[in-house]
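Down below is the structure, laid out as structure tokens.
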Amino acid sequence: MNRLRELRLEHNELQIDLAIGVNMDKQEISRYELGVTVPSLKRLIILADYYNVSIDYLVGRSDER
């Protein structure tokens, strides 16, 4: 998920910062960013809410945040 990485970097956060902010494991964030694992809908909602963007934006289906 390139958008997740882009958003994280825009906010000057490390993976560990995001992981703490959304109560997930750092390795989980890393796997999402590398495309090794696809987040569940529940996780997508948490991540989209954290960055105040739509799920469609987060997964690359829309350019509107």
Criterion violated by E10 - all others in (1) open to solvent by 90 Å² or more (accessible area, probe 1.4 Å); (2) over 23 Å from E64 (Cβ atoms) satisfied:
(2)
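Can you name every residue in the range 31-45 that is assigned to a helix (DSSP H, G or I) and surrounded by 15 or more Cβ atoms within 10 Å (Cβ to Cβ)?
Within the range 31-45, the first condition is being assigned to a helix (DSSP H, G or I), and the residues that meet it are 31-34, 41-45.
Listed by number, the residues that qualify are R31, Y32, E33, R43, L44.
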Restricting attention to the range 48-65, and to residues there that are of a type in the set (S, T, Y) and farther than 17 Å from V22 by Cα, which single residue is surrounded by the most Cβ atoms within 10 Å (Cβ to Cβ)?
Y57
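Looking for whichever is within 11 Å of the chain's Cα centre (by Cα), among the polar types (S, T, N, Q) and surrounded by 11 or more Cβ atoms within 10 Å (Cβ to Cβ) here; the options are Q15, Q27. Which one fits?
So the residue among Q15, Q27 that is within 11 Å of the chain's Cα centre (by Cα), among the polar types (S, T, N, Q) and surrounded by 11 or more Cβ atoms within 10 Å (Cβ to Cβ) is Q15.
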Pairs, please: C-beta under 9 Å, at least 6 apart or cross-chain, first residue over 14 Å from L44 (Cα atoms) and in the range 1-14, second surrounded by 13 or more Cβ atoms within 10 Å (Cβ to Cβ) and among the small types (G, A, S)?
E13/G21
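Checking the condition among the charged types (D, E, K, R) and at pLDDT 95 or above, which residue from E64, E28 passes?
Numbers: E64 fails: at pLDDT 95 or above.
One residue alone meets the criteria, E28.
The values are calculated or read from the model by the stated rules, or taken from the named source; none is laboratory data. Keep in mind that what you see is a predicted model, and the values were worked out from it rather than measured. Here the Cβ is made from the backbone with ideal geometry for all residues, glycine too, and neighbour counts use every protein chain on show. Side chains included, ligands, DNA and RNA excluded: accessible areas come from the protein's heavy atoms. Shrake-Rupley method; radii C 1.70, N 1.55, O 1.52, S 1.80 Å.
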